[in-house]
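As structure tokens, the structure follows; a few thoughts come after it.
The numbers here are math on the coordinates, done by the rules we state, and not lab data. As the structure is a prediction and not an experimental result, all values here were calculated from the model. So basically every Cβ, Gly included, is an ideal-geometry build from the backbone, and we count neighbours across all protein chains shown.
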Ligand SMILES: [Zn+2]
Ligand SMILES: [Zn+2]
């Protein structure tokens, strides 16, 4: 039986997804990105449903709950704060952490292995942000939710945690969305697709830019912002023309995870008959939803980018 909090947060999330998907159809940032884009089912089934389900149990029940028992802190210092102030506090502090950890992931070769999956989609839309290596989620969500659970009493944490999780989900959908928005000076404060679509581009110049998740001011403060057209940034293009990784990356969920620990020749491994059969098993199923899934695009790119 679903509890009231789950029903409310799920309803808000579904409404938000419908709203964002509608805007993507009307005002696409990159034209030609289909709703059932390449990797849609991988992100939806494996990363959004299966991985999220098991990791929430692992992180909450097997990492954070034992920590709560171990430290046995009743949370008397912060628990009298109003809920909105607590949400703002944890939003702000975690976003500061995530800016620096994300930045470190782009600079450190080992940490990059935990983050490259997130950059592997060649088409970036509302769902693309769900693709993250298990290790990345375990690290980030433990650091995000452990302080809330440890520093607050059980009743207050039970309100703050779902609000924070809902904010994560809606904001994640927003910054990855394929929406052509021009928010002007708001991009100094709140992060959105204008900065994050660039972050997912396969342009070398942008690899060390736009690390922010919710707030944009970290990038402005620490000199890592990249938005062509917004003073003083000049660039040859107003929008990226290619997304994803500059090297081969596996298509399968398990191979994507293994690739972080052991490099292999992706094309060679995926050409092995047994592996190929395994990767392609879903194609007849996918054909029901989207006939063109396995057909290569013929003719000129449907996605002429605006250039400056
Ligand atoms: Zn990144
Ligand atoms: Zn992202």
By Cβ neighbour count within 10 Å, fewest first, 236, 38 rank 236, 38
Per the 1/(1 + (r/R0)^6) rule, R0 = 41 Å and r from the Cβ atoms of residue 220 and residue 267, FRET efficiency to 0.05 is 0.50
Averaging 1/r across every pair of distinct alpha carbons in the chain and inverting yields a Kirkwood hydrodynamic radius, in angstrom, of 21.0
Taking 155, 144 and counting other beta carbon atoms within 10 angstrom, the fewest-first order is 155, 144
Relative to the chain, whose Cα atoms define the longest principal axis, helix 83-107 and its Cα axis are tilted in degrees, nearest 10, by 40
The helix 4-26 Cα axis meets the longest alpha-carbon principal axis of the chain at an angle in degrees, between 0 and 90 and rounded to 10, of 30
Quick calc of log₁₀ I(q)/I(0), the stretch 172-278, Debye, one scatterer on every Cα, no solvent, q values 0.13, 0.24 1/Å, result -0.59, -1.26
log10 I(q)/I(0) for the stretch 57-181, Debye formula on C-alpha points only (no solvent), q = 0.12, 0.13, 0.15, 0.22 Å⁻¹, two decimals, reads -0.52, -0.61, -0.79, -1.34
Taking only the Cα positions of the stretch 1-51, the convex hull volume per residue in Å³ is 95
When all Cα-Cα pair distances of the stretch 1-123 are considered, the percent exceeding 22 Å is 63
